[in-house]
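Inspection log for the structure reproduced underneath, given as structure tokens.
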Amino acid sequence: MNFWRRLRFYGIGFGIGLLIVYAMFGNRSCASPGEVKLRELAFQYFRVSEKAKCKMACLRMNNDVLKIYLRHFEINYDQSDVRREPCGSYFVQPQEEHAAEYNFNLVMYDCDTITQIDDINILKPIPTCTCQ
């Protein structure tokens, strides 16, 4: 067997091996459990209280904008109560590198297929906001 025939034989085996590895592992990502849970909370239906809607209006955002902003947030499990009945509560705050961009944090409740937001904690007061 000459060199080119061995190289071709090796290449065919290597290609089949790559296909098998891709079929077994697919397109897995390296996301932490907190990132996965936050992504799950963001993709569920939002139920927002009137108080939270008022504060969202002060921050000039709606549900869709909030879902986009959540990409730069993380769950603080020290302040969360994930085993709370009937809905686990998750304290969501900006990531360290994005803390200067966002002046709010919030608690999201995971109620089966609904994400409930009762209040948004605005860190720096907005003078024109009348929400309490």
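Readers should treat all values here as calculations from the given coordinates under stated rules, not as data from a laboratory. Note that the structure is a prediction, hence the values are computed from the model and not measured. Ideal geometry is used to build each Cβ from the backbone, glycine not excepted, and the neighbour counts take in all protein chains shown.
Pull out a ≥ b ≥ c, the square roots of the eigenvalues of the alpha-carbon gyration tensor of the range 42-109, then state rounded if a/c is under 1.5, prolate if not and a/b is larger than b/c, and oblate in the remaining case. It comes out oblate by the Cα gyration axes.
In what sequence, highest mean first, do 29-38, 106-115 appear when ranked by Cβ atoms within 10 angstrom? Present the calculation step by step, with values, prior to reporting the outcome.
Numbers: 29-38: 12.2, 106-115: 16.3.
Ranking the peptides 29-38, 106-115 by packing returns 106-115, 29-38.
Counted as membrane-span-like here are DSSP H helices of the chain whose alpha-carbon atoms extend 30 Å or more along the helix's own axis and whose Kyte-Doolittle mean is 1.0 or above; these are 3-25. Subtracting the Cα-Cα distance of ASN63 and ASN103 from 0.36 nm times their residue separation leaves 12.7 nm of extension gain.
For the listed peptides 75-82, 48-55, a ranking on the average number of other beta carbons within 10 Å per residue, highest first, reads 48-55, 75-82. Model label sites at VAL36 and MET24, defined 7 Å from Cα along the beta-carbon direction, differ in position by 2.0 nm. Averaging the sequence gap over all C-alpha pairs within less than 8 Å and six or more residues apart, then dividing by the number of residues, gives the chain a relative contact order of 24 percent. Here is the short version for the chain: CYS30 have no other Cys C-beta closer than 4.7 Å.
Once the mean of 1/r is taken over each pair of separate Cα atoms and inverted, the chain shows a Kirkwood hydrodynamic radius of 17.7 Å.
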